[in-house]
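Comments concern the structure below.
The values are calculated or read from the model by the stated rules, or taken from the named source; none is laboratory data. The structure presented is a predicted model; accordingly, all values stated were derived computationally and were not measured. Glycine gets a Cβ as well: all are built from the backbone with ideal geometry, and neighbour counts include every protein chain shown.
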């Protein structure tokens, strides 16, 4: 662990400093004793002459010990300091890379999830029951289409609802049965998802709308839509539109909450999904959704990490998945301390 390297370097520096101070203190004490011995030997005259020789030798040993201590300190201290700095840099790099990797994992999971939504809406738009309901305008066919959509919704619990509208923008069937009363028969011709669906060039295309509150459903949704075409063919004439409303808040929260963080990290780490402009779309602390913007310092990099204001930030841009190119979103982790 890089943190262990730093702790060892700091511990070695502390112990080395203490021991060198101890050697310095012993050298000073020895030097003082040698001086006192020289004074005493001079006071007793010839009787202390032999002792004076020993005292001078002891003094020289003390001087050499002190010089060695100073040399050792001057040689070791810069190396220990450098080791400590390198250790801190290594910790920062490893920490940053880990945060960037986790951010990439977050946005990859989101991309794969939304890729499936883009496939779902194109597939379901070819369902015979939906095509017949729009082609015939028969109320019985519309009820059958509603039953079919209901079956899909029960199997795909990541959605809040699925709506089928004719070419004039009138909703003829929906999957849900509760809440949002009056959906069937309502006019959605001015809704962005309906207009975007009818603007698709073929059955291979779809519209992905920004995360937004859905007034009728009373929740945040990521809406996917495409045209339902004559005969269910990719090149068929548009008969109407299918809109599927992904349960954004619950599904995105599960992704940001599911990031694997170590002991003590979760409280200090904020996991985010951001749109192309830094708007918070999901946050592990549930704060700032669709209200806060986070200015990432990407430096035109697809993934990376940096430190600012005592925080480590890791980020990764949406890589897309299969036929889903992504929406220019980012995964990000902001870690304090």
Task: helices (runs of 4 or more DSSP H) enclosed by region 112-217 - at least 1 residues per element that are over 17 Å from residue 240 (Cβ atoms) and out of contact with any strand residue (DSSP E or B) (no Cβ under 9 Å at 6 or more places or on another chain) - done: 139-155
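Okay, residues lined up against (1) modelled with pLDDT under 95; (2) outside the structural domain of residue 227 (by TED's automatic domain parsing):
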{"position": "241", "(1), (2)": "no, no"}
{"position": "256", "(1), (2)": "no, yes"}
{"position": "261", "(1), (2)": "yes, yes"}
{"position": "279", "(1), (2)": "no, yes"}
{"position": "282", "(1), (2)": "no, yes"}
{"position": "297", "(1), (2)": "no, yes"}
{"position": "306", "(1), (2)": "yes, yes"}
